[in-house]
């Protein structure tokens with residue numbers, strides 16, 4: 001009989017250690033190593049039993065068509081690639097209270113009119129789920145509800161010929177496999193639970209959603225291998241003080257990986273936003289210093305957002321740099337280029353940068369818009385209110401072209417903008433849409449001269 005031996009596992013990265021220590025050598029996390037019991041490996045390994053031969057198939061051939069199941073929630077279907085693929089596993093993570101359970105309950109209710117859907121919660125009772133559904137106006141939807149955490153019981157319930165075609169597991173951190181000694185939420189339990197449910201979903205052909213908790217850094221809690229096991233990883237983002245929520249695709253084996261869906265949280269649940277640009281710019285004032293409109297691209301969708309900056313003299317030895325919605329390292333680079341290449345002294349100033357509306361921007365094309373907001377805030381002169389800005393900044397002060405410039409300009413024209421500050425040479429950029437006047441710049445110093453005139 002195999003003897004149970006103790007080993008230590010990091011709850012952040014899943015690395016195993018022979019003894020306890022305060023800091024994980026693999027990921028550097030503190031106080032994340034927990035003792036777990038495991039059975040010793042059989043001494044004979046694979047000897048004695050011969051495996052079956054695996055059959056290979058040719059690459060050439062027509063793949064089987066898998067009909068997607070559209071939920072009817074346009075923004076959700078956009079992010080997952082047009083609908084749910086049968087037999088797929090989808091992981092959705094986000095901050096507590098951001099709306100993950102609400103979104104999945106709405107999706108299950110929308111699908112339940114055509115196919116059987118099940119919502120299995122390890123955090124709420126059936127009555128609590130009914131209260132939420134009633135508040136959202138979904139009380140009459142034929143969604144099957146259950147409160148369970150034992151993976152063995154869940155697998156036995158779902159492993160039937162006419163079982164549900166869409167299953168929601170809320171959340172994967174509350175599930176446990178009874179033959180493991182570790183507690184629910186540990187690396188071992190999360191990995192084993194997700195593996196068992198994903199394997200069943202692929203065998204039975206139903207779609208399974210895993211709701212995942214996130215750490216204080218914003219990453220999905222548990223082992224990183226959890227994101228590799230599933231087919232799609234979605235992050236639900238948003239600021240608590242804003243009504244807007246962003247569903248962002250991080251990984252998708254059956255669709256785009258850079259698409260976003262925009263939702264608005266209302267008293268009746270999450271509502272899809274058809275024109276996010278108009279919504280993000282709805283509260284924008286007129287010509288105010290420290291503001292610039294960035295024409296960005298999120299997936300296949302052009303998106304216009306306002307970037308705000310504030311520059312004040314600092315009384316501290318180390319001036320503060322506060323960023324909301326953008327990369328703080330990218331801001332430091334833009335500040336360094338402005339000081340080194342344009343002669344703008346910012347070392348003794350506090351800088352505050354904000355992407356209005358709660359959206360998080362990741363593309364380098366926002367560099368020029370950030371620089372515009374910073375120079376405008378420093379000089380006190382507003383940028384023209386009818387102007388959009390986009391372009392990437394290099395370390396030598398050059399302004400580099402970005403992709404899909406024509407698509408950005410068409411979106412700007414649709415919202416009433418008449419001018420644009422763009423890089424001098426656009427990759428494959430055609431003629432500007434009628435009614436848009438371009439100001440092409442090749443150096444960041446040209447932008448400073450333009451805003452200082």
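Some points to look at:
- Using the average count of surrounding beta-carbon atoms within 10 Å as a protection proxy, the listed peptides 331-341, 303-313, 83-93 rank, highest first, as 83-93, 303-313, 331-341.
- Every helix of 4 or more DSSP H residues in the chain counts as -39500 (n - 2.57), and over all residues that averages to -7500 deg cm²/dmol at 222 nm.
- Residue 413 paired with residue 125, simple spin-label distance in nm, labels 7 Å along Cα-to-beta-carbon: 6.0
- Separation of alpha-carbon centers, the range 250-321 and the range 20-35, rounded to whole Å: 37
- Shape of the range 31-172, Cα gyration tensor, a/c cut at 1.5: oblate
- Rounded FRET efficiency, nearest 0.05, which uses the C-beta distance separating residue 203 from residue 148 and R0 of 22 Å: 0.65
- Label zone at residue 196 (point 7 Å along Cα-to-Cβ), backbone N below 16 Å, the range 149-163: 149-160
- Most to least packed among 414-423, 231-240 [average Cβ atoms within 10 Å]: 231-240, 414-423
- Working from label points 7 Å from Cα in the Cα-to-Cβ sense, the residue 449 to residue 254 distance is 5.5 nm.
- FRET efficiency, 1/(1 + (r/R0)^6) with R0 56 Å, evaluated for residue 132 and residue 385 via beta carbons: 0.85
- Relative packing of 165-175, 276-286, which averages over residues the other C-beta atoms within 10 Å, highest first: 165-175, 276-286
- Distance between the pseudo-spin-label points of residue 328 and residue 8 (7 Å out from Cα toward the beta carbon): 3.0 nm.
We did not get these values from a lab; they are worked out from the coordinates using the rules stated. In this text, all values refer to a predicted model and were calculated from it rather than measured experimentally. Methodologically, a virtual Cβ is constructed for each residue, glycine included, from the backbone with ideal geometry; neighbour enumeration extends over all protein chains shown.
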